[in-house]
C-alpha cells in the first residue's frame with residue numbers, strides 16, 4: 001500500500017529524487033521503472049541494508065546520517081522518506097535538513113504515526129515484542145505535524161490516513177477480514193487511523 005500511495009503522490013513530479021532511508025531498495029526500484037521521469041539516489045545509514053540494495057538496484061547509493069546529508073543545498077526535486085521520521089520524537093532538525101537539500105517548490109513525501117490510533121494504545125505490547133522500537137516511535141497529532149511542517153518552511157499538498165489496525169497485523173489476517181476493514185476505514189476517524197502519509201512542498 002505504501003508504494004501505491006507514494007506513486008500517487010509523485011504523479012506530475014520529476015527530476016532528482018533522494019530516497020532516504022532506501023533500505024534494500026524497494027522504492028528505488030519503483031523509481032527506476034520510470035527513468036524518463038526520475039533520477040533516484042538512495043541513502044541509508046545501515047551497511048547491511050545498502051549491501052542488499054547494491055545488488056537489487058542500479059541507482060547511486062550513499063551511506064549517511066539523515067541529520068547531516070552529504071549533498072549540496074538545492075540538490076533534489078523530491079525527498080522520499082518512508083518509515084524514518086516516525087522514529088524521532090523531535091524531528092525538526094531532520095525536516096530542516098530535507099528542506100535544505102530540496103529545490104524551491106520541491107516536495108517531501110513521508111509518513112507519521114497518529115497518537116490516537118490503536119497502534120499507540122498497543123505500544124506497551126509492541127515494546128515487549130520489540131524491546132526498543134516502541135520507546136523511540138513518535139506518535140503525533142495531525143495538527144502537530146502540520147505546525148511542524150509550517151515551521152520548517154513547508155506547505156501541505158496532500159494527506160492520507162490509513163489502517164485501523166497496526167500495519168503488522170494485516171500480514172496475518174485473512175483476505176475477507178482485510179476487505180471488511182478497508183470497507184469500514186472511510187468511516188473511521190482520520191486521527192484514529194494508524195499511519196498518515198504526507199506530501200509537503202518547500203516554499
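Rule-based calculations on the coordinates, nothing more; no lab input. Quantities reported herein were computed from a predicted structural model and do not represent experimental measurements.
Overview of values
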{"quantity": "Helix axis angle, 142-151 relative to the chain longest principal axis, alpha carbon, degrees", "calculated": "20"}
{"quantity": "Relative contact order of the chain, pairs being alpha-carbon contacts under 8 Å that are 6 or more residues apart, as %", "calculated": "20"}
{"quantity": "Part-to-part distance (alpha-carbon centres) for region 157-172 and region 1-63, which is given in Å", "calculated": "21"}
{"quantity": "Among 81, 64, 22, residue whose mean-square fluctuation peaks in a GNM of the chain (springs only between Cα atoms under 10 Å)", "calculated": "64"}
{"quantity": "Entry for percent of Cα pairs over 30 Å apart (calculated from the structure that is shown) out of (1) 47; (2) 21; (3) 33", "calculated": "(2)"}
{"quantity": "Highest-MSF residue in the chain out of 48, 82, 141 [GNM, Cα springs under 10 Å]", "calculated": "48"}
{"quantity": "Angle in degrees between helix 92-101 and the longest Cα principal axis of the chain, rounded to the nearest 10", "calculated": "40"}
{"quantity": "Degrees separating the helix 47-56 axis from the principal Cα axis of the chain, which is the longest one", "calculated": "70"}
